[in-house]
Amino acid sequence: MMHLPVSSTGPAVADPMLTRAVPIRKVIWENDDTFTLTLDIAEGLPGYSFLPGQFNMVYVYGMGEVAISISSDPVRKGVLDHTIHRVGSITTALAQKKRGDVVGIRGPFGSRWPVEAGRGKDVCIVAGGIGLAPLRPVIYSILRSRDAFGRVIVLYGGRSALDLLYRVELEKWGNENQVEALVTVDRGDSSWKGHIGVVTSLFSYIKLDARNTLALVCGPEVMMKYTVQELQNRGIPEDQIHLSMERNMKCAVGFCGHCQMGPTFICKDGPVYPLAKIWPLMDRKEL
């Protein structure tokens, strides 16, 4: 008998192995190899809800499925966004989909970002590349209750200006003085007027209140390691730093072991972890 996963960190999954068909409402190309699928879930997933940081298994019929973080506003009903980096056969197949095509969804799975823990505090969000996608629901959630939070700082880095995600939203949030958004690229051209360098270089442009800051970090592991060091150098306590991890996930419920990292399963125990739980595992060369 299968015991269904029930987590205090997110909505219970009614049947983790049941894939539901939903149509694509819209496809937006964020850059040359990253796109956002907006799915119409009003009929296929009635009553669906998720928490910032969770993911779905997105299924291409006849091929297979892949774990994708949810990048939409948690309060917005009837639609669901997944921002997808085209890197393998499944994501390449998804990139070929168009409005009206059908994909399968099962979920949501995984742990959430501790948004509520940031109430009354400053929130520092640090993202690299596609890592901004799972943090986007956090920003939506904070802006919906903006007065309940202190400063909201977004430090975001990409390979180039053409690789950046959600540029219009980042500019809008900054112009409305709701978010302090600093963006950098690894390499710039004559048209780029912003910062150039790795995302950790942006820390030199801000001051953090070490006693009153919640830090949320997502991106390549090497980027997260250096970001954690910068945060610790500025006195941010370990229990106020949270990371989102990425591994190859197959079952999403901790059965297959594909995403095992030492004693933890990223799909079931993560992907969002407090630093104290995941940091010792990140320092090991092999697990």
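Tabulated values for the structure
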item: Apportionment of accessible area to carbon and sulfur, the chain, percent (1.4 Å); result: 50 percent
item: Cleavage-rule hits (GluC sites (Glu not before Pro)) in segment 137-228: DSSP loop, at most 10 neighbouring Cβ within 10 angstrom; result: 176
item: Alpha carbon centroid spacing (whole Å) that separates segment 36-53 from segment 176-192; result: 30 Å
item: For segment 1-150, fraction of C-alpha pairs farther apart than 21 Å, in %; result: 45 percent
item: Spherically averaged projected area of segment 165-216 from its Cα convex hull (nm²); result: 4.6 nm²
item: Helix-only mean residue ellipticity at 222 nm for the chain, each DSSP H run of n ≥ 4 adding -39500 (n - 2.57), per residue, nearest 500; result: -5000 deg cm²/dmol
item: Dipole of the chain, positive end: most advanced residue of 241, 107, 88 [Cβ charges, Cα centre]; result: 107
item: Expected-Rg normalisation [2.2 N^0.38 Å, Cα atoms] applied to the chain; result: 0.97
item: Alpha carbon convex hull of segment 191-287, volume per residue in cubic angstrom; result: 124 Å³
item: Segment 186-246 - convex hull of alpha carbons, volume per residue in Å³; result: 94 Å³
item: Per residue accessible area in Å² of the chain, where ligands, DNA and RNA are left out and the probe is 1.4 Å; result: 47 Å²
item: Sparse-neighbourhood loop sites, trypsin sites (Lys or Arg not before Pro) in segment 42-99 - DSSP loop, at most 14 other Cβ within 10 angstrom; result: 76, 77, 98, 99
item: The chain, dipole about Cα centre (Lys/Arg Cβ +1, Asp/Glu Cβ -1), debye to the nearest 20; result: 240 debye
item: Total charge dipole magnitude, segment 124-203, about the Cα centre, Cβ charges on Lys, Arg, Asp, Glu only, Debye to nearest 20; result: 80 debye
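The values are calculated or read from the model by the stated rules, or taken from the named source; none is laboratory data. Note that the structure is a prediction, hence the values are computed from the model and not measured. So basically every Cβ, Gly included, is an ideal-geometry build from the backbone, and we count neighbours across all protein chains shown. Please note that ligands, DNA and RNA were not included when accessible areas were found on the heavy atoms of the full protein model with its side chains. Shrake-Rupley method; radii C 1.70, N 1.55, O 1.52, S 1.80 Å.
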